[in-house]
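Worksheet: the structure to be examined is printed underneath.
The values are calculated or read from the model by the stated rules, or taken from the named source; none is laboratory data. Since the model is a prediction, treat every value here as computed from it, not as a measurement. We place every Cβ from the backbone using ideal geometry, glycine too, and count neighbours over all the protein chains shown. Heads up: the accessible areas ignore ligands, DNA and RNA and are worked out on the full protein's heavy atoms, side chains in. Shrake-Rupley method; radii C 1.70, N 1.55, O 1.52, S 1.80 Å.
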Amino acid sequence: MGRVSISPRRACVALAALTALLASGCSGEPERPRPTPSSPAPVPSSAAPAPAGADPAARAAALVATLSDEDLVGQVLMPYAYGSSATKVSPGSAAGNRALAGVDTPAEMVAKYRLGGLILVGFSADDPTSGNQETTNVDNPKQVRALTDGLRAAAGRLPAGPAPFLIGTDQEYGVVTRITDGVTLLPSPLAAGAAGNPALTEAAWRAAGAELAAMGVNLDFAPVADVLATRSTVIGSRSFGADPKTASAQVAGAVRGLQAEGVGAAVKHFPGHGLTAADSHTDLPVVGQSRAVLDRTAFPPFHAGIDAGAMAVMSAHLDVKAVDPGTPATFSRKLLTDVLRGQLGFQGVVITDGMNMAPAKKWSPGEAAVRALNAGNDLILMTPNVGQAYDGLRAALKDGSLPRTRLVEAVTRVLTMKFKLADRPAPALSTLDSAGHRKAAADLAAAAVTMLRGRCGSPVAGPVTVTSSGGRDGTRAALTAALTAAGVKVVPSGGTVVHLVGYGDGSKDLRADATVTVAMDTPYVLAGAKSPTLLATYSSTRASMTALAAVLAGKARPTGHSPVKVSGLPATTCGT
């Protein structure tokens, strides 16, 4: 498939048309009838939409001119919903949707509030973001595709229907992976940082983009551009590492890969969640570094993502003392408008982090939405109450606390992104977990394996016993199968112990008699391990376990370099 055409620094053509659009709205023409919230707004008969082949910005400007205020408000909302189908949900899901939005089904939510998009949510093991995942509506690729088809059918009947409905999810790979069944699972971003080869990253994320597109997902809230400057458990292996230069190259590769397959990339969490160890799901983390440190450390990966053409940037709930002390970045005009747009030159869509997270719930859903838009966000993600956010935005538009110019600017950006994603036929579901995609993941995983202690290239001696910290039976089984396939005998006990540790593990999870200890998440825990051989895969995917087995069997060299510093250990013992 051809690459989505994006010019990162190009001034948005649609925004140049705002003056004319706004002037016409105040020209004394009769006000068009306002629809009720439960029925779609009619498209005025005088509307002259731009042709399908026109520039996305021109198409966006033309469509904005036809939309009522209610439709404009709906386009900046991207909530979650309960239920694995657009139109048929369980009684429990219907109750959840009624509490969230006063409707029974996701399709009704789209229609009632003229939504611009919806985020698919779900749970996964070892997920540091589970606190704001109120439900799950992803099960398997066939179900996801049916859900996304149903959502698009509902959105297609709206006045904004000519622009593709946005369906997003957090498919970061590693500990935050919403869709896990039947898809190619890439190693974590930290593993990609250890591999240090942006071409491998781009190829793997291109495979990921094709699979998301096949399931009807056209916006990925990824990659994470946070530099891991602290030992953060909420960011951790979601980051590409501690070095801004390395992380920048990786972020750019992931953006190019996703967007080459027609899936928008939302680089996150601006201005940099890796500079604090606190968790913004429950607290307002403080970023206390100086502006010089931010410019040198936090901002470069975002700049690289923007230069690579990222369609979106996600703002974070962070108190950045050096720029706007006391104001979460999500609500800071200084950070989003002056720094992100002014200094970094971003012209695309700014999306809030989940508005159901604690720092954003300081205000009511309506007031929080208004504050976020006025700060420079264009999409409001995961509001805790859709009706209150929608009504709050409409009221603010009416009383002037939300300038119409700001709303039109936001919607124009959103529609421009939608039209950039348009006219791309979805790949068949048969492309999922294909041989080519598995190879891209395997190549990246193999390049990531790192030896932090031990003799490079030496196979383990004798039969092997695979052990792990609690709850990792599936990963142990995957490594056992991979070792057996590589010609290594695996025994239940009494062999050379290979011990696996992963997300959330500490010194208590290490095994003193292990000959080999392997870190499958951040490698910091290896500083306390006594094993003569220390390895890191940074990931527990099947591809990573296969790559680890090849190293243990002496069939491959561990060529990765730890992308974070581990106390008392080198980045690698296998060459430069």
Q: Tell me which of these residue 429 doesn't satisfy, since it passes every other one: (1) under 30 Å from residue 569 (Cβ atoms); (2) open to solvent by 20 Å² or more (accessible area, probe 1.4 Å).
A: (1)
(Q) Go through (1) buried (at least 24 other Cβ atoms within 10 Å of the Cβ); (2) modelled with pLDDT under 95 for residue 377 and report which single condition fails. (A) (2)
Q) Restricting attention to region 551-576, which residues are within 21 Å of residue 461 (Cα to Cα), over 31 Å from the mean Cα position of the chain (by Cα) and not β-branched (Val, Ile, Thr)? A) 552, 553, 554, 555, 556, 557, 574
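Of the residues 115, 151, 158, 67, which single one is in contact with a strand residue (DSSP E or B) (Cβ under 7 Å, 6 or more places away or on another chain), of a type outside the set (Asp, Glu), in a loop (DSSP other than H, G, I, E, B) and at pLDDT 95 or above?
Numbers: 151 fails: in a loop (DSSP other than H, G, I, E, B); 158 fails: in contact with a strand residue (DSSP E or B) (Cβ under 7 Å, 6 or more places away or on another chain); 67 fails: in contact with a strand residue (DSSP E or B) (Cβ under 7 Å, 6 or more places away or on another chain).
Criteria check complete, one pass: 115.
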Q. For region 180-211, what are the residues that are at pLDDT 95 or above, closer than 23 Å to residue 234 by Cβ and outside any helix (DSSP H, G or I)?
A. 185, 186, 187, 188
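Matching residues to (1) part of a helix (DSSP H, G or I); (2) of a type in the set (A, V, I, L, M):
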site	(1), (2)
457	no, no
478	yes, yes
518	no, yes
530	no, no
540	no, no
544	yes, no
561	no, no
568	no, no
571	no, yes
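Given the options 505, 521, name the one that is over 19 Å from residue 441 (Cβ atoms) and either surrounded by fewer than 18 Cβ atoms within 10 Å (Cβ to Cβ) or in contact with a helix residue (DSSP H, G or I) (Cβ under 6 Å, 6 or more places away or on another chain) (or both).
The conditions single out 505.
Confirm whether residue 535 is part of a strand (DSSP E or B), buried (at least 22 other Cβ atoms within 10 Å of the Cβ) and of a type in the set (A, V, I, L, M, F, W, C).
yes
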Q: Take the residues in region 459-476 that are open to solvent by 50 Å² or more (accessible area, probe 1.4 Å) and assigned to a helix (DSSP H, G or I), then tell me which one is farthest from residue 546 (Cα to Cα).
A: 473
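Output yes when any residue across region 500-509 is more than 17 Å from residue 471 (Cα to Cα), of a type outside the set (D, E, K, R), at pLDDT 95 or above and not in a loop (DSSP other than H, G, I, E, B), and no when none is.
No, there is no match, as no residue in region 500-509 is more than 17 Å from residue 471 (Cα to Cα), of a type outside the set (D, E, K, R), at pLDDT 95 or above and not in a loop (DSSP other than H, G, I, E, B).
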Q: Exactly one condition in (1) of a type in the set (Phe, Trp, Tyr); (2) open to solvent by 10 Å² or more (accessible area, probe 1.4 Å); (3) within 28 Å of residue 213 (Cα to Cα) is not met by residue 270; state its number.
A: (2)
Q: Go through 473, 505 for me and flag whichever is among the charged types (D, E, K, R), out of contact with any strand residue (DSSP E or B) (no Cβ under 7 Å at 6 or more places or on another chain) and closer than 24 Å to residue 234 by Cβ.
A: 505
(Q) Every residue in region 357-374 that is touching a residue at least 60 places away in the same chain (Cβ under 8 Å) and assigned to a loop (DSSP other than H, G, I, E, B), please. (A) 357
Q. Among the residues of region 334-356, is any more than 16 Å from residue 79 (Cβ to Cβ), open to solvent by 10 Å² or more (accessible area, probe 1.4 Å), modelled with pLDDT under 95 and assigned to a loop (DSSP other than H, G, I, E, B)?
A. no
Q | Given (1) part of a helix (DSSP H, G or I); (2) touching a Ser or Thr at 6+ places or on another chain (Cβ under 7 Å); (3) open to solvent by less than 20 Å² (accessible area, probe 1.4 Å), index of the condition residue 305 fails | A | (2)
**Q.** All positions within region 276-308 that are over 28 Å from residue 167 (Cβ atoms), modelled with pLDDT of 90 or more and in contact with a Pro (Cβ under 6 Å, 6 or more places away or on another chain)
**A.** 297, 298, 300
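The rows are residues; the columns are (1) free of Cβ contacts under 8 Å to residues at least 60 places away in the same chain; (2) open to solvent by less than 10 Å² (accessible area, probe 1.4 Å); (3) closer than 22 Å to residue 419 by Cβ; (4) among the β-branched types (Val, Ile, Thr).
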{"position": "72", "(1), (2), (3), (4)": "no, yes, yes, no"}
{"position": "86", "(1), (2), (3), (4)": "no, yes, no, no"}
{"position": "95", "(1), (2), (3), (4)": "yes, no, no, no"}
{"position": "98", "(1), (2), (3), (4)": "yes, no, no, no"}
{"position": "109", "(1), (2), (3), (4)": "no, yes, no, no"}
{"position": "114", "(1), (2), (3), (4)": "no, yes, yes, no"}
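Considering each residue of region 241-278, count those that are in a helix (DSSP H, G or I) and of a type in the set (Lys, Arg), and give that number.
So the first thing to find is which residues in region 241-278 are in a helix (DSSP H, G or I), and the list is 244-260, 273-275.
Imposing the further condition that a residue be of a type in the set (Lys, Arg) reduces the set to 245, 256.
Of the residues in region 241-278, 2 are in a helix (DSSP H, G or I) and of a type in the set (Lys, Arg).
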Q) Quick one: which of 163, 194, 204, 208 is among the hydrophobic types (A, V, I, L, M, F, W, C) and either open to solvent by 10 Å² or more (accessible area, probe 1.4 Å) or over 24 Å from residue 428 (Cα atoms) (or both)? A) 194
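Residue-wise test of (1) open to solvent by less than 10 Å² (accessible area, probe 1.4 Å); (2) at pLDDT 95 or above.
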residue: 240; (1), (2): yes, yes
residue: 243; (1), (2): no, yes
residue: 249; (1), (2): no, yes
residue: 257; (1), (2): yes, yes
residue: 274; (1), (2): yes, no
